[in-house]
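Presented below is the structure to which this report refers.
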Amino acid sequence: MTFAEKLHSLVSSRGPGLCVGLDPDPVRMPADFNRDLPGIAAFLQKVILVTAPFAAAYKVNTAFFEALGSPGWRLLEEISFHLPEDCLRIADAKRGDIGNTAQKYAEAFFKQMPFDALTVNPYLGGDSLQPFLNDPTKGAYVLALTTNPGSKDLQYFGDDTNKLFFHVLSQIPHWAPSGNLGAVVGATHPEELLAIRRQFPSIPLLLPGVGAQGGDTETIRAMPYGAHHAPVLVNISRGILYPQGGANFPDNIVQACHSYQHELGII
């Protein structure tokens, strides 16, 4: 199954799919779990277990593991193999470099670990993305319009008709004719998000920013969906991992998944 086929099989054409973000912060974990590496591992494994019925995808933020040094990288590898094979497994690593270096990044996440996709930075151009796209069973999501306020420093560069993030989106079909490249677009930009969906209906979207960052769920529900539109994944991290301060774990995580599914129109 190609990346595009797997994505389409997981996300209904009638609406978005839920992507559970794994950003392990020991300080915010429930008191039942130790703040050491085994405790983090046990917490994440339990989260994966209870969210699996709701998740079309998982997005693992590698920074939270890399910050723990070499043991954290081993934990990342361990957790990657705990992710359900029937979900889309995304490594949120935001990699981007020249060809031979990008090839090694691709090998790290696609060969040493079983990730299906990687978030990538397009600033070095289309050739720097090819190592992540050469295998049609693997894919990537290119940073187009990010959630942070500083996104306007560069991503909005241009005139009133063609901003830089629109130019990035326009290049995706040329960079990935196999359809295995999507775009990261923050739900914190509702007007731009609607314009992007209308102008680029065939590009898969990964939407961060819902939950703790205040992304607009009404806009996501109002986006056009259908057989001629590429799948949309809505990533929620802290809003699922740490609902209500971690009390009543894991029941509150299940409740958070239900709530977000209703809010996004998934069910």
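Give me the extension gain from S178 to E107: residue separation times 0.36 nm, minus the current Cα-Cα distance, reported in nm with one decimal.
Details: separation 71, 0.36 × 71 = 25.56 nm, distance 1.96 nm.
So the chain would gain 23.6 nm between S178 and E107.
Here the extension length gained between D159 and E85 equals 22.3 nm, from 0.36 nm per residue of separation less the Cα-Cα distance. Please find, in a Gaussian network model of the chain (springs between Cα atoms separated by less than 10 Å), the residue of S70, S202, S237 whose mean-square fluctuation is greatest. Sorting by GNM fluctuation, first place goes to S70. Helix 190-199 and the long axis of the chain differ in direction by around 50°, with both axes built from C-alpha atoms.
The calculated FRET efficiency for the pair D36 and N100, based on their C-beta separation and a Förster distance of 30 Å, comes to about 0.20.
Fewest-first ordering of T137, T62 by other beta carbons within 10 Å of each residue's beta carbon gives T137, T62.
Quick one: length gained pulling Q244 to E5 fully straight, 0.36 nm per residue minus the C-alpha distance?
82.4 nm
Readers should treat all values here as calculations from the given coordinates under stated rules, not as data from a laboratory. All figures in this text were calculated on a predicted structure; none of them were measured in a lab. Quick reminder, even Gly has a Cβ in these numbers, built from the backbone with ideal geometry, and neighbours come from all protein chains shown.
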